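First the structure, in the form of structure tokens, and then the observations on it.
The values are calculated or read from the model by the stated rules, or taken from the named source; none is laboratory data. Everything quoted here is computed from the prediction, not taken from an experiment. Cβ placement follows ideal geometry from the backbone for every residue including glycine, while neighbour counts extend to all protein chains displayed.
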Amino acid sequence: MPDELRASLATLVGSVARPPVDAAKIEDATGLLGGGLDLDSLSMLELVVGLEGLGVVVPPEDVTPAQFQTFGHLLAYVRARRVAGGGDPGGDAPREGLVTP
């Protein structure tokens, strides 16, 4: 599963970059902010929303440069959130803060 998670996350990150980046070119040391991919605020919003599709809900207080400095930092954060139950890998549970019918 970790290789699947890495590939899915790299695909997501590559898709929100402007211009889009091939997921195969994204490595742990790839910078997401500043240098590297230089994700802007809209790209970051798309990334945070996209993480829900990977079973991770990112609370606002976790949207910090430390979590999103490099792809490796983001991958470690996503893995930790999934292990700690900070997400919904099954996709069926209601997300905190969202209204469900």
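For this structure, a couple of remarks:
- Boolean, residue 99 is β-branched (Val, Ile, Thr), at pLDDT below 95 and within 10 Å of the chain's Cα centre (by Cα): no
- For the stretch 12-34, a residue qualifies if it is under 14 Å from residue 47 (Cβ atoms) and among the basic types (Lys, Arg), and exactly one does: 18.
- When 55, 35 are checked against the criterion of being assigned to a loop (DSSP other than H, G, I, E, B) and without any contact (Cβ under 8 Å) to a residue 12 or more places away in the chain, a single residue qualifies: 35.
- Hits in the stretch 24-53 (condition: over 11 Å from residue 71 (Cα atoms) and of a type in the set (Gly, Ala, Ser)): 24, 34, 35, 41, 43, 50, 53
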